[in-house]
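Working notes, structure below.
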Amino acid sequence: KALRAVTEDAGIQESSVDVAGMTLRVDEAHDAQKAAQPAAQLERPLILAIESSCDETAAAIVDGKGNLLSDVVASQIDFHSRFGGVVPEIASRKHIEAICGVCDECLDVAAQRLGMERLTWSDLDGVGVTYAPGLVGALVVGVAFAKGAAWAADKPLVGVNHLEGHMYANKIGAPDFAPPAVVSLVSGGNTMLVHMRGWGDYRVLGATIDDAVGEAFDKVAKALGLGYPGGPVVSAQGAKGNPKAIEFPRAMMHSGDMRFSLSGLKTAVVTYINNERAAGRELNVPDICASFEAAVVDVQVKKAEMALHETGAPTFCLGGGVAANPVLRAAYGKLCKKMQVRLVMPPLSACGDNAGMIALVALDRFRQGKFYGLETDAQAHADLEQEY
């Protein structure tokens, strides 16, 4: 069992005892969590959701009013950073080691907020879990655990698409957020624009044909020797540099469609770095990072503008780990102000993989009676448009 509340930062508490070598992060920054009602006024259903698609083992509980009663994450970054990226085998093993402790902590935090002495699986109304897309070995752990818990407690199982979870993450920062909207999903494994016509009604407008934005950040960071994950370190260096110092390519910026390509940009940056080193010149890391970041953002903003014009959507929102990038957030802010479109962004704590967003999707699907059988299995890929 983990002991909570030793360190606090921006509403996020970290446990004093780790689970499987990982420190638990209990996110208390969401306004919705603080609005939780006492147990006597608790509105059903009560759903616990599990997220294990990559290198975070997470669990969250949501009540019938959409209040996140607990949102717990155990991150494996320290285990993967020495390899410069996520190692699937290690990720799967750490999920197995952590998932029991994470779920126990999730139940305890929710009980504490509800003024209850104890909360058990039997007190829940349903169990949600991310079943796709992601690393299959990592997903299998969460899916198997959720199926076992649902069967043992005789509760319905709800499968959730991870990408839809990132769209729902916008409700954590803006509970009144609702479609129609254009969503930019930018993460380590996905880069796409989605027309959200309604909850569960999605049309993919365009996606990357090679690397994802987050993947490009990681590879540039590795080439510069900045470590993993690449997004935060490249962003920190870029904040000190000149975004116009180096003219890196803006791939497919004028392609006339909403597809993306990051492979050429990544190669151009790595080639520039190698050429500078071969010439014996000292690398200006801040300028390289700032110029790379500017190339990424310019294309993202151009495609987003196209999507908003095509759909006429009144709202634009973000999802995924790269949604935490300050340059990208600021650029989207300027675009939406110019186009008089509402901009909704998830809190920084909800940009990365978390179970709070999965729980919010599971709540909607539970109410719709869209349950999954115990034969449900993990999938590396899933078609967002055909989800429902």
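The numbers here are math on the coordinates, done by the rules we state, and not lab data. Remember, it's a predicted structure, so these values are computed and weren't measured experimentally. Please note: Cβ atoms are built from the backbone with ideal geometry, for glycine as well, and neighbour counts cover all protein chains shown.
Amide hydrogen proximity for L262: with H placed 1.01 Å from N in the peptide plane, the residues at 5 or more positions away or on another chain lying under 5 Å are I209, D210, D211. Computed packing ranks the peptides 181-189, 245-253, 335-343, 228-236 as 181-189, 228-236, 245-253, 335-343, most packed first, by mean other Cβ atoms within 10 Å. Placing unit charges on the Cβ atoms of the charged side chains and taking the dipole of region 70-202 about its Cα centre, the candidate lying farthest along the positive direction among Q76, H95, Y202 is Y202.
Cα-Cα over 24 Å: which of K147/K171; K94/K370; K65/K94; K303/K334; K303/K337; K94/K171?
Numbers: K147/K171 27 Å; K94/K370 30 Å; K65/K94 33 Å; K303/K334 14 Å; K303/K337 16 Å; K94/K171 29 Å.
Over 24 Å apart, Cα to Cα: K147/K171; K94/K370; K65/K94; K94/K171.
Find the percent of Cα-Cα distances in region 181-345 that exceed 27 Å, and round it to a whole number. Result: 22 percent of Cα pairs exceed 27 Å.
A Förster distance of 35 Å, applied to the separation of the beta-carbon atoms of H381 and K338, puts the FRET efficiency at 0.45.
In order along region 273-288, the phi-based Karplus estimate (6.51 cos²θ - 1.76 cosθ + 1.60, θ = phi - 60°) of 3J(HN,Hα) comes to 4, 5, 5, 5, 5, 5, 7, x, 8, 6, 6, 8, 4, x, 5, 4 Hz; Gly and Pro are listed as x.
Go ahead and set up a Gaussian network model of the chain, Cα springs under 10 Å, then flag whichever of E276, E51, E164 fluctuates most. Most flexible of the set in this elastic network: E276. FRET efficiency for the V270 to W151 pair, using the beta carbon distance and R₀ = 51 Å, is estimated at 0.55.
Per-peptide packing, taken as the mean over residues of other Cβ atoms within 10 Å, places 91-97, 375-381 in the sequence 91-97, 375-381 from highest down. Evaluated with a Cβ-only charge set (Lys, Arg +1; Asp, Glu -1), region 181-345 carries a dipole of roughly 360 debye about its Cα centre, given to the nearest 20. With contacts defined as alpha carbon pairs under 8 Å and 6 or more residues apart, what's the relative contact order of region 181-345 in percent? Relative contact order for region 181-345 comes out at 28 percent.
With the simple model of a label 7 Å out from the Cα in the direction of the Cβ, W199 to D104 spans 3.4 nm. Secondary-structure-derived ellipticity at 222 nm for the chain, considering helices only, amounts to -12500 deg cm²/dmol, per-run term -39500 (n - 2.57) for DSSP H runs with n ≥ 4. Going from the residue with the fewest nearby Cβ atoms within 10 Å to the one with the most, I90, I61 rank I90, I61. Set against the labelled values (1) 35, 24, 19; (2) 31, 27, 22; (3) 27, 25, 23, semi-axes √(5λ) of the Cα gyration tensor in Å computed from this structure falls on (1).
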